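Below is one structure; the comments refer to it alone.
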Amino acid sequence: MTEDSTRPQTPGSPGSATPPVEEPTAPTGPLPPPADQSGPATVSPTGQATGTPQEKMAQAGSFLTTAHGARLKDSDHSLRAGERGPTLLQDHHFREKISHFDHERIPERVVHARGAGAHGVFRGYGTAARISQAGLFAKDQETEVFVRFSTVLGSRGSADLARDTRGFATKFYTDEGTWDLVGNNMPVFFIQDAIKFPDIIHAGKPHPDREIPQAQSAHDTFWDFVSLHTEAQHHTIWNMSDRGIPRSFRMMEGFGIHTFRLIAADGSTVLVKFHWKPRLGVHSVTWEEALATNGADPDFHRRDLADAIEAGAHPEWELGVQVFEDTEDQMFAGIDLLDPTKIVPEELVPVEPIGRMTLNRNPSNFFAETEQVAFNPNNLIPGIDVTNDPLLQGRLFSYLDTQITRLGGPNWNQLPINRPHAEVNDMLRDGMHQTAVHSGVAPYRPNSLDGGNPFETPDGSRPFIDHPAPVPASVKERALAATFDDHFSQARLFYRSLTEVEREHTAQAYTFELGKCFEQNIRERQLRNLGAIDPALAQAVADGLGLPVPEPAEAPADVEPSPALSQLGRTWPLDGRQVGLVVGPDVDGEQLAAAIAEIAGAGLVPLVIAPSGGPVAGQQSQRTYLTAASIELDAILVASAVPPAPDAAPGLDAKAGAPGPETVDPRVTKLLGEVWRHSKAIAAFGAGEEVLRAGGYLDGTGVVTGSSGQEAGRNLLTLMPGHRVWERFPTTGRLAAS
C-alpha cells in the first residue's frame, strides 16, 4: 500500500502521491517510492551489508542544492550580465547542472540518439553578400556539407515515426573553417534558458523507474513539466500538430531557432533567423499511419532518405534568412528576438533565399559518419556570430562538453567526419585519440624555437572576430527580461494559423497524449493552459477526456494568424514519391507498361505489387500482396482484377474469409482500406475499377479512373501535388476558424 490510501490501486501510477493541480509551494521532503519498487541492497563495495536504510541512499532534504549541498534560490535562470546580457562563465550552478547532464549517457547521445545522415553540397546565391562576409554565401560558391536528421527523445533502437521534434543539424566544411548550424524542424524550443534543458529532457525521457514509455511524450512526467513551466506551451503545440509526425526527412523544414548576428565586410551587422525550406514541401502522416509505420518499418525515415538519394531523387532545401535591424533592444514588432520560444511571422518579415543545399551521397559507414559526427554551435566562421539568446549561450558550453565524454576525449574533431576542410594549426596537443603527428617543440605563444609559428592572423587575412557588441552596465542576476513572460500568445498564433483539418489532428493529439497520463490533476492543469491558447481547442480535448473545462490560465490573446505556418493549401513537386501499382495474374502487360512509364516519367517511383515475387506481364514485381505496406506508398493504382492469391488462406496472415469482397485478395482489401483512410490518392483502369467498386471506393473523393494505363496514371498525378486528399473526410466543425 502507498501512504495515500485514496489513490486508485491500478497499474501505471507514476508516483506515490496524487499531484495537486497547482504547483506545490510548501517545502516537503522527497516522497517515498511506490510500494512495488525497491532499490538495490545496501552493501559496501566489497559486498558487506551495511544495514543502511534504502531511503538513506536517495536524495534528502526539502530544498534544491548543488552537488556539494549548497542551497539554491533559482534554478530557472542562468547568471547573466543583466537581464539582456550574456551568460557568465562564473555561473557554477549552470555549469554543474549542464555538465552533469551532458555526461549522463554513454556512449549514445543523451538526446538525438536515433538519426540518419547524408553528404551534400551547398551553393550560395550571392544574395547574402550585403549582410555577411562569410565566404560560403558568395555567388555560386560550393561548400561540402554533412546533415544529420534525428528524433530527440528516443534511444538508438527506437522507431522513426514517434511524435517528436526532429533535429536538423548541418555541418558546412568551408575553406575558412567549419560552421555548424544546429537546429530542429520546429522554429521554437520548449525553454528560454539553457539551465532548464536537463529538466525538459528528464521530463520527456522514459520514467526512470520502468524506462517506459520509449520515444514518447504521452506520459505524466512530460505533461507535468510543460503544464507547470508554461513557456513550453508554444513548442508543445507544434509537437501536437502534424509537424510532430513528418512524412519524411526530405519533407521537413529546418530552423536555426535562435537569432544570430551576421557581420558584413564593412563591419555593419544585422540580426537573422535561419530557415531551411524543402523543395518538396512540408508534409506529415496521419496518426494511424505513424502507428502502422512504426510496426511495419520502424526505419522508415532512414530508408526513405537513403533510397531517395540512391534513386537520384536528391533532396533539396533552400536556406533563407529573416533579416532584422541590429537594434539595442533586439526587438521586432513587440517580439523579443532573443526569446527562443518566439517566432516572427513570415508575413511580417519574409524569408530571403541565400543558397541551396542538395544531399547527393549516402554515408558508406553509418558508425564512422552518422554516429560519430559531432556538432558544436561554437563552430563559427567570419561573418557569422552569436547573440545573447540565453538558450544559445548555454549551448555554446554544453555541446563542446558533451563530445568529450561521448567521443572519448578532446580530439573528437579529428575523427574523419568532423575534420575541418581548412588548415588547422591550433597548438592543442596530446589527449586521448590524438591522430595528428605534430612537429615542432613550442606549442605556445610567443615562441622563437618554432620560428614564432603559429602567428596570430592580421585583419587583412580574414580572422574570426567576436563582434564587439556592447554590454550595458548591469548587475549579475538570475533573471530574464519581462518580454519573456508571454507564454501563450504565440501558441495561439500557431493554432489559429492552422486549417480546420490540422486543428482536428492537433486536438486529437492532445486528447491521446493527455489520455495516457495517469494523474487527472495534470490533465486538468494542461486543459487550463489550452484554454489560454483557444477555448474551442480546450473544449474539444476536455470532451475527449471526459472532463470539464477549467478556467483558463489567462485570457486568450488577440493575434493575427500566419498562413505560412500551415502545411496545407499549396502544391509541391513529386520527386521520389512512390506509387503502388496493384496487379493480378491477368494484367494487360502493355497497359501496365504505359502506366509505369507515365508515373516514372514524372519523377515518381512505381512499385509493382503482384500476387508473388518475380516477373509479371513483362515487369518485375517489387512487392507482393504479403510484403506491400500502405505506409510506403503515396498513392495507389489498381491495374487489373486482383483475385485471392494461392497463399490467401484463413490460417495465414492473409486472413482469407474475413469481411470484404470475396473477389479481392484480402491483403489488397486491407491495403486499399488504409490508403483510403489516410487520404491518399487512388486510381484504377480496366478491371481495376471493379476492385474499387467492390470496396465502395469508386465514386469517392480523390479517386480517379482512366480508359488506359497511361490516362489513369496521368489522372492520378493531378491529385498528388497537394500531398493528400484531406477533403475526402468532412471535419466536425467544432474547430472551424472563427
>> Considering only C-alpha atoms, what is the centroid distance from segment 84-162 to segment 460-536, in Å?
In response: 21 Å
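Summing +1 for each Lys or Arg and -1 for each Asp or Glu, what net charge is found among the other residues whose Cβ lies under 10 Å from the Cβ of PHE685? Before the final figure, lay out the partial values.
On the way: positive: none; negative: ASP588, GLU689, GLU711.
Spelling it out: positives minus negatives among the neighbours equals -3.
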> So, by mean Cβ neighbours within 10 angstrom, what's the order for 125-131, 438-444, 712-718 with the highest one leading?
Replying inline: 712-718, 125-131, 438-444
>> Taking 0.36 nm per residue of sequence separation and subtracting the Cα-Cα distance, how much length would be gained by fully extending the chain between GLU96 and ALA264, in nm to one decimal?
In response: 56.8 nm
> Nearest 10 degrees, 0 to 90: what angle lies between the long axis of helix 390-406 and the longest principal axis of the chain (Cα atoms)?
Replying inline: 80 degrees
> Relative contact order for segment 596-719: what is it in percent, counting Cα pairs under 8 Å that are at least 6 residues apart?
Replying inline: 24 percent
> Which FRET efficiency value, to the nearest 0.05, is calculated for ASP485 and GLU551 with the Förster distance at 22 angstrom and r the Cβ-Cβ distance?
Replying inline: 0.65
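Calculate the dipole size of the chain relative to its Cα centre from +1 charges on Lys and Arg beta carbons and -1 charges on Asp and Glu beta carbons; express the result in debye to the nearest 20.
Working: 62 positive and 94 negative charges, 158 e Å.
Computed about the Cα centre, the dipole is about 760 debye.
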>> Once R0 is set to 41 Å, what does the formula 1/(1 + (r/R0)^6) return for the Cβ-Cβ distance between ASN447 and ARG71, expressed as a FRET efficiency to the nearest 0.05?
In response: 0.30
> When the Karplus curve 6.51 cos²θ - 1.76 cosθ + 1.60 is applied with θ = phi - 60°, which whole-Hz ³J(HN,Hα) does each residue of segment 416-422 get, with x for Gly and Pro?
Replying inline: x, 5, 9, 5, x, 9, 10
>> Please compute the contact order of segment 587-644 in relative form: average sequence separation of alpha-carbon pairs under 8 Å and at least six residues apart, divided by the residue count, as a percent.
In response: 31 percent
>> Using a 7 Å offset from Cα along Cα-Cβ at ARG429, what residues in segment 446-463 end up with backbone N under 17 Å from the label point?
In response: 446-455
> Using alpha-carbon pairs under 8 Å, 6+ residues apart, how would you state the relative contact order of the chain in percent?
Replying inline: 13 percent
> Tell me, how many Å apart are the Cα centres for segment 631-662 and for segment 681-707?
Replying inline: 16 Å
> How far, in degrees from 0 to 90, does helix 287-296 lean away from the longest principal axis of the Cα atoms of the chain, to the nearest 10?
Replying inline: 90 degrees
> So what's the gap between the Cα centers of segment 397-426 and segment 174-213, to the nearest angstrom?
Replying inline: 20 Å
> Out of these labelled values of volume of the Cα convex hull per residue in Å³, [x] 197; [y] 209; [z] 177, which was calculated from the coordinates shown here?
Replying inline: [y]
> Ignoring the sites themselves, what is the longest stretch of the chain with no GluC sites (Glu not before Pro) in a DSSP loop and at most 14 other beta-carbon atoms within 10 Å?
Replying inline: 457-661
>> Just to confirm the filter: which chymotrypsin sites (Phe, Trp or Tyr not before Pro) across segment 161-216 are DSSP coil and have at most 14 other Cβ within 10 angstrom of their Cβ?
In response: none
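Rounded, prolate or oblate: which fits segment 633-680, taking a ≥ b ≥ c as square roots of the Cα gyration tensor eigenvalues, rounded meaning a/c under 1.5, else prolate when a/b beats b/c?
Values: a/c = 2.27, a/b = 1.66, b/c = 1.37.
Here segment 633-680 falls in the prolate category.
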>> Between 0 and 90 degrees, rounded to the nearest ten: what's the tilt of helix 92-102 against the longest Cα principal axis of the chain?
In response: 30 degrees
> If the limit is 27 Å between Cα atoms, which of LYS97/LYS342; LYS56/LYS516; LYS196/LYS342 go over it?
Replying inline: LYS56/LYS516
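None of the figures in this text is laboratory data; all of them are computed from the coordinates on show. All values derive from a computational prediction rather than experimental measurement. Here the Cβ is made from the backbone with ideal geometry for all residues, glycine too, and neighbour counts use every protein chain on show.
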